[in-house]
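Participant: Handing you a structure now.
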Amino acid sequence: KKDFTKPPPLYTSASLITAMRKLGLGTEATRHTYEKVLIKRGYLKRVKGKLIPTPEGLKLAERIKSLSFASPEETARWEKLLLEIAFGRADKDRGFKEFLEGIKKLTQVSIKELEGEDFSYLSKKPSQKMVKYALSLAKKFGKEVDEKRLREDYPYCKGVIEELSKETQKLPPEPPTQAQLNFAKSIAQEKGIEIPEKALKDKREMARWLDSVVEKGKKRSKGKKFAGRKGKRRR
């Protein structure tokens, strides 16, 4: 009998707060807000009571896991010092000065660690095409989405598309639209090729086939232009 290493169990809202309490992260008043913020920013989603990281959340975690400011121990140390200052267990002036000096040093170290990192994907907005597709999927599956956030929040929009695209794969194939068929027939006739049988039965396969044929045509056109320019130079 083989033994396989099991992945750690997914957090629930309660177990996440318990884990944070053990690590000394946050306070009783703030711990419950972390989950909401991560879900709102598209880094986490709640499915049947379990907290599941999104692709964007995993990507962000992978990028920052080795950085000083992402250390749970470091964060817990600052939380502890602040509490000691607040409840008078540490000299107020000296403790506050120590806290500010520590934060300053941590910031300087973090800036050096982050040099060259590209986090632009976190702030960029989704394209109109992405938003339109996300809305069409949401309508198709009856899922409520925040349209304003879809237009502003790239990770959220991408997460909606990825989640509902999986549901699309479970649906039985739909026949191609008349517009797809007409376009496919004109291309097939022009290029002297046959339309694949599976593309005639499934509009998703038809879309893939059309995209590949059009893309090949563009590459050939660019190749001919480049060859023509070389020929003129030789003359």
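Each reported figure results from applying straightforward, stated rules to the coordinates on display, with no laboratory input. The model shown is predicted, which means the values in this text are computed figures rather than measured ones. As a convention, Cβ positions derive from the backbone with ideal geometry for all residues, glycine included, and neighbour counts pool all protein chains shown.
Participant: Place +1 on the Cβ of every Lys and Arg and -1 on the Cβ of every Asp and Glu in the chain, take the dipole about the Cα centre, and give the residue among Leu44, Pro173, Phe99 whose Cα lies farthest towards its positive end.
Facilitator: Pro173
Participant: Now for a separate question. Which pairs in the list Lys22/Lys170; Lys97/Lys148; Lys97/Lys125; Lys125/Lys166 are over 31 Å apart, alpha-carbon to alpha-carbon?
Facilitator: Numbers: Lys22/Lys170 41 Å; Lys97/Lys148 42 Å; Lys97/Lys125 39 Å; Lys125/Lys166 23 Å.
Listed pairs above 31 Å: Lys22/Lys170; Lys97/Lys148; Lys97/Lys125.
Participant: A further question on this structure: Placing +1 at every Lys and Arg Cβ and -1 at every Asp and Glu Cβ, with all other atoms neutral, what dipole size does region 1-114 have around its Cα centre, in debye to the nearest 20? All intermediate terms of the calculation are to be shown ahead of the outcome.
Facilitator: Details: 25 positive and 14 negative charges, 128 e Å.
Once rounded to the nearest 20, the dipole reads 620 debye.
Participant: How long is region 49-107 along each principal axis, judged by its Cα atoms, biggest number first, in Å?
Facilitator: 44, 30, 13
Participant: Output the relative contact order of the chain, whole-number percent, from Cα pairs under 8 angstrom with separation of 6+ residues.
Facilitator: 13 percent
Participant: For a distance above 26 Å, tell me the whole-number percent of Cα pairs in the chain that qualify. Walk me through the numbers before you get to the answer.
Facilitator: Details: 17420 of 27495 pairs.
The proportion of pairs with Cα distances above 26 Å equals 63 percent.
Participant: Using helices alone, I'd like the mean residue ellipticity at 222 nm for the chain: each DSSP H run of four-plus residues gives -39500 (n - 2.57), total over residue count, nearest 500.
Facilitator: Counting only the DSSP helices, I get -22000 deg cm²/dmol.
Participant: Under unit Cβ charges (Lys, Arg +1; Asp, Glu -1), what dipole magnitude, rounded to 20 debye, does region 56-105 have relative to its Cα centre?
Facilitator: Working: 11 positive and 10 negative charges, 18 e Å.
Magnitude of the dipole: close to 80 debye.
Participant: Taking the Cα atoms of region 26-151, report the difference between the largest and smallest coordinate on each principal axis, in whole Å and largest first.
Facilitator: 60, 36, 23
Participant: On to the next question. Explain nothing, just the number: dipole magnitude of region 144-215 about its Cα centre with +1 on each Lys and Arg Cβ and -1 on each Asp and Glu Cβ, in debye rounded to the nearest 20.
Facilitator: Dipole of region 144-215, to the nearest 20 debye: 200 debye.
Participant: Out of every Cα pair in region 162-209, what percent are spaced more than 18 Å from each other?
Facilitator: 33 percent
Participant: Please give the length that would be gained between Leu10 and Lys112 if that part of the chain were fully extended, namely 0.36 nm times their separation in residues minus their C-alpha to C-alpha distance (nm, one decimal).
Facilitator: Separation in residues times 0.36 nm, less the Cα-Cα distance, equals 33.4 nm.
Participant: Would you kindly state how much longer the chain becomes between Phe96 and Arg31 on full extension, computed as 0.36 nm times their sequence separation minus their alpha carbon distance, in nm to one decimal?
Facilitator: Extending this stretch completely gives an extra 21.1 nm.
Participant: How many nm separate the modelled label positions at Lys105 and Ala179, each set 7 Å beyond the Cα in the direction of the Cβ?
Facilitator: 6.3 nm
Participant: Place +1 on the Cβ of every Lys and Arg and -1 on the Cβ of every Asp and Glu in region 29-79, take the dipole about the Cα centre, and give the residue among His32, Trp78, Ser68 whose Cα lies farthest towards its positive end.
Facilitator: His32
Participant: Near Gly57, within a Cβ-to-Cβ distance under 15 Å, what is the net charge of the other residues, with Lys and Arg +1 and Asp and Glu -1?
Facilitator: Combined, the nearby Lys, Arg, Asp and Glu give +4.
Participant: Dividing the Cα radius of gyration by the Kirkwood radius, what Rg/Rh value follows for region 113-212? The partial results should precede the final answer.
Facilitator: Values: Rg = 17.9 Å, Rh = 16.0 Å.
Rounded to two decimals, Rg over Rh is 1.12.
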